[in-house]
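Have a look at the structure below before the remarks.
The values are calculated or read from the model by the stated rules, or taken from the named source; none is laboratory data. All of these numbers come straight from a predicted model, not from anything done at the bench. Cβ placement follows ideal geometry from the backbone for every residue including glycine, while neighbour counts extend to all protein chains displayed. Side chains are part of the model used for accessible areas, which takes the heavy atoms of the whole protein and leaves out ligands, DNA and RNA. Shrake-Rupley method; radii C 1.70, N 1.55, O 1.52, S 1.80 Å.
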Amino acid sequence: MSPSASEPPRRFAVVGNPDNRRVALFTDAVRAAGLPAPRVVPWIDVLRDGGADFGPAEIVRVDSPGEDEGVDRLLRGGLGPTRVEGSARWYAGLTGALAGLRGGLRLDDPDDLAVLFDKRRCHAVLDAAGVPVPTSPTSGPSAAPVGGWDDVRALMREHRMPRLFVKPAHGSSASGVLAVESGGAGRIRATTSVERAPDGSLHNSLTVRRYEREADIAAIVDALAPDGLHLERWLPKASQDGRAADLRVVVVAGRATHAVVRTSRTPLTNLHLGGRRGDLDAVRRSVEAAGARWSDVLGVCERAAACFPRTLCVGVDLLPAVGWRRAAVGEVNAFGDLLPRLTGLPGSGAEGLDTYATQVAAALRHHSPPPTSGNPARRSRVAADPGPGSGATGALGRRSCVPGDPGQGTPAPEAPSPGSRVPGDSGPGSRAPGAPSPGSGVAADPGPRPPAPGTPVPSP
């Protein structure tokens, strides 16, 4: 559709690290769509200048600030890029920088990102919306504070969690995550990629290791606690070829478009920590053999993404339980689309497209300028899709799960603004996301509920 004389042509801009592969992949996708390369606004400039300005016709993507030492030092207050500590300062720096981005047509909502990068808040939003998640004593209205290892031990006893994950509230890529298991006679073990230096500082490592002395585990947790910790029950996962398995599912504009299976012999399946890609077709067969529907597996991920209706794309970590009939959402990742060379799922509308090309197509569908002709068919399509400047912030064809959000398939009535957020656009032939079909879907698997009340860029 050609823009009218009064409508400036759309052009993409991306906030990112110019030499990063994420920016390169997104740039390739934009050029493949026949558009000029996006304007790259370096994170280092955003942080030093206190923000950035965008034109009214610029479609703005915010990409990960990771993998750049200078940016990381600014966000972490001078700590080196391998350090695990400093995630609370990193979070404050990121949210402050997002607030300084002015104008443009945004593909990522700052308020959504603030929740996505706080595991406690994200878990609470998902749980309140009925999305299956592991039980946690550190989110929701009865959230317990965690000041250190003594509190973790007490919560393990109170909530009967002999096995749990201890996660930095603002971490990503499994940084600082400990998979903790306790046994009889006071035995304790933690599996993690954290390396503890002789001076007590904590560093990210590509080697997954085990700590079996409680004093070592306590020292790590005590060092991480000031930045905030989130605890979750450890759910036993399904396996493939004798390896623990989970899925990263990318949801674009409300629809699950890409998925990859990750397998590992350790509790941490992240590919950069030695995890391997598994067989997605075999997973689908296992799900269906268990009596569940593959569409319902994807539907769980779409329900999770619907909790963030003003953000075009998220990566959902789905934890299939032993037997493949149950599943829970482990995390929702703001920058979870780095899956190079992976093309779209059959029937998703993204066949033959990678995650970046899929997002470019969805953004252009929504942000195409309104037609100027009197064609009735075009007028009716525009009526269904308010488009940019309409003030529509709910996702088209998507359902918001935020309490109080008018959502549920209807745009939220906000006033137009130059920084309006992109609603989701499931595109032609899409199936509306939602709850699994009654009687046949993947059952929620939050794990056994404790007797007491109470209930991430990453590349995979």
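Measure off, as a whole percent, the carbon and sulfur share of the 1.4 Å-probe accessible area of region 149-278, all protein chains present.
46 percent
Over the Cα atoms of region 72-141, what Rg and Dmax result, in angstrom?
Cα only, region 72-141: 14.7, 40 Å (Rg, Dmax).
Quick check on region 1-79: what does the Kirkwood estimate of hydrodynamic radius come out to from the alpha carbon pairs, in Å?
13.7 Å
Mind checking the log10 I(q)/I(0) for region 154-229 at q = 0.11, 0.16, 0.25 Å⁻¹? Debye, one equal scatterer per Cα, no solvent, two decimals.
-0.26, -0.56, -1.33
Among 223-235, 10-22, how do they line up from the highest to the lowest mean number of other beta-carbon atoms within 10 Å?
Per-residue Cβ counts within 10 Å, averaged per peptide and sorted highest first, yield 223-235, 10-22.
Return the distance in nm (one decimal) between the two label points of a simple spin-label model at Arg160 and Arg265, each offset 7 Å from Cα along Cα→Cβ.
Going from the Arg160 label point to the Arg265 one covers 3.4 nm.
Efficiency by 1/(1 + (r/R0)^6): what FRET value for Val322 and Ala32, r their Cβ-Cβ distance, R0 = 56 Å, to the nearest 0.05?
Given R0 = 56 Å and the Cβ-Cβ separation, E is 0.85.
Applying the Karplus parametrisation 6.51 cos²θ - 1.76 cosθ + 1.60 with θ = phi - 60° to the phi angles of region 172-184, what ³J(HN,Hα) value in whole Hz is obtained for each residue in order, glycine and proline being reported as x?
My calculation for region 172-184 gives 8, 6, 6, 5, x, 6, 10, 9, 9, 10, 10, x, x Hz in order.
Need one number for region 1-156: average projected area of the convex hull over its C-alpha atoms, nm².
The directionally averaged projection comes out at 12.6 nm².
How much length is gained on full extension from Glu69 to Arg213, taking 0.36 nm per residue of separation minus their Cα-Cα distance?
That pair, Glu69 and Arg213, stretches by 48.6 nm at full extension.
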